[in-house]
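Beneath this line is the structure, given in structure tokens, with notes to follow.
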């Protein structure tokens with residue numbers, strides 16, 4: 001970030017810490033503010049985040065991410081202000097359990113994907129809400145949404161692999177230029193990344209010219225000797241693994257800290273994050289009446305905005321940074337983008353080296369740095385491991401207690417990792433709308449007509465959409481496949497929301 005003096009508008013704050021019981025024990029920090037929310041006076045606003053990271057320096061130089069598509073594999077995107085301009089969001093296939101409900105298809109009923117998309121490429125059509133309107137890191141980049149997470153966030157690793165494979169095959173379809181995948185997702189797999197099917201799929205995307213930005217996970221200090229410090233697939237060394245930084249509400253980097261949830265391994269570990277980026281108290285776009293909105297009122301800022309922390313958010317910041325670089329250097333390889341970002345990062349004195357990797361994102365320094373020579377990492381990964389082990393502890397379950405487990409995808413089809421790996425290496429795992437022997441048609445999507453899926457002004461209304469629209473009762477019971485699973489039968493009852501790598505949805509206490 002560089003030495004920029006004291007961050008303007010820094011406010012006195014009361015910090016309260018609380019240990020939240022979840023699959024991962026994560027320290028959430030709440031902040032006490034003034035009488036009402038104003039981005040102009042919020043040191044964690046996106047205006048201050050883009051200023052502090054150096055993104056605005058790139059904008060001033062003419063680089064805003066224009067012409068670069070970022071694939072967001074997440075819970076969908078809702079057309080809220082900042083993401084509702086024509087052509088701003090293009091839908092790939094809806095591979096989620098929601099796909100059978102017309103009221104939920106493509107839309108983000110969970111609230112996570114919209115938040116992430118806004119950090120990457122949000123852009124108000126007019127100057128709304130203070131601080132010159134809401135702007136993501138690459139405000140003129142386009143989002144290609146691959147929905148895999150259902151209304152409660154539930155997702156199986158097979159859906160994420162299928163989404164990555166789709167992006168690889170369709171990245172350069174007519175009208176598309178997908179150069180970045182944002183994966184604010186991860187499992188706690190302990191399988192070696194050289195054989196893990198999820199890591200292998202992400203690595204193949206990298207080898208096919210797509211920068212894969214993966215959230216490091218919110219594991220904090222890793223004390224378990226044999227467990228990887230990072231989430232799967234971030235633990236694959238070929239990818240760009242991202243941890244979090246708390247800017248402490250100033251523009252100076254001298255007081256920046258690695259928050260307790262950001263992953264860092266024991267000294268001597270073979271893999272830590274590649275770099276850190278802001279990921280604490282960030283101002284994001286809110287999806288009214290979404291799952292997160294209803295269940296985490298502590299994140300509420302106002303009618304438009306929500307606040308959240310986690311390596312999910314940090315990954316999105318870096319994905320936007322990658323889009324800026326790829327506009328300037330359209331022929332840059334993923335390894336060159338990674339080396340430019342890590343080589344220009346600011347190393348933070350006083351913070352554990354294994355917690356910050358190359359240091360903190362510093363786009364201002366990257367703007368004047370030369371593009372490094374291409375130096376692809378040698379990898380002989382096979383991807384022949386276990387789909388079940390790739391899930392870690394996260395599983396979908398049916399009301400009768402049946403758990404989706406073993407070497408099978410969400411349709412119950414056998415998953416042959418060796419055969420799938422061979423197809424992924426040749427970018428041919430999808431055939432029309434078929435993947436792993438099943439038609440993942442969603443809303444009759446067929447591989448060739450995806451571009452026709454655009455926002456309709458009548459398809460979503462924040463004022464009329466309610467929590468009832470994403471309740472299990474509105475899902476169609478047998479419309480996907482009567483012989484395998486139905487949209488109402490699998491749920492996230494034992495699935496961990498931490499797989500989306502969000503440390504918490506904590507906002508200000510205003511009043």
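Numbers below:
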| read-out | value |
| --- | --- |
| Fraction of beta bridges assigned by DSSP in the range 15-372 that are antiparallel (%, nearest 5) | 35 percent |
| Contact order relative to length of the range 15-372, as percent, for alpha carbon pairs under 8 angstrom and 6 or more apart | 20 percent |
| Exposure proxy order (Cβ contacts within 10 Å, fewest to most) of 115, 411 | 411, 115 |
| Euclidean distance between Cα centres, the range 140-198 to the range 273-324, Å | 18 Å |
| Percent breakdown of C-alpha pair distances by 10 Å bin, ordered from the shortest bin, for the range 275-320 | 29, 49, 21, 1 |
| Rel. contact order, % - alpha carbon contacts under 8 angstrom, at least six apart, the range 97-248 | 17 percent |
| Order of 90, 144 - criterion: other Cβ atoms within 10 Å of each residue's Cβ, fewest first | 90, 144 |
| Exposure proxy order (Cβ contacts within 10 Å, fewest to most) of 440, 430 | 430, 440 |
| For the range 15-372, fraction of C-alpha pairs farther apart than 33 Å, in % | 18 percent |
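FYI, it's all coordinate maths here, none of it is from the lab. Just so it is clear, the structure is predicted and the values come from calculations on it, not from any experiment. Virtual Cβ from ideal backbone geometry, glycine too; neighbours counted across all protein chains shown.
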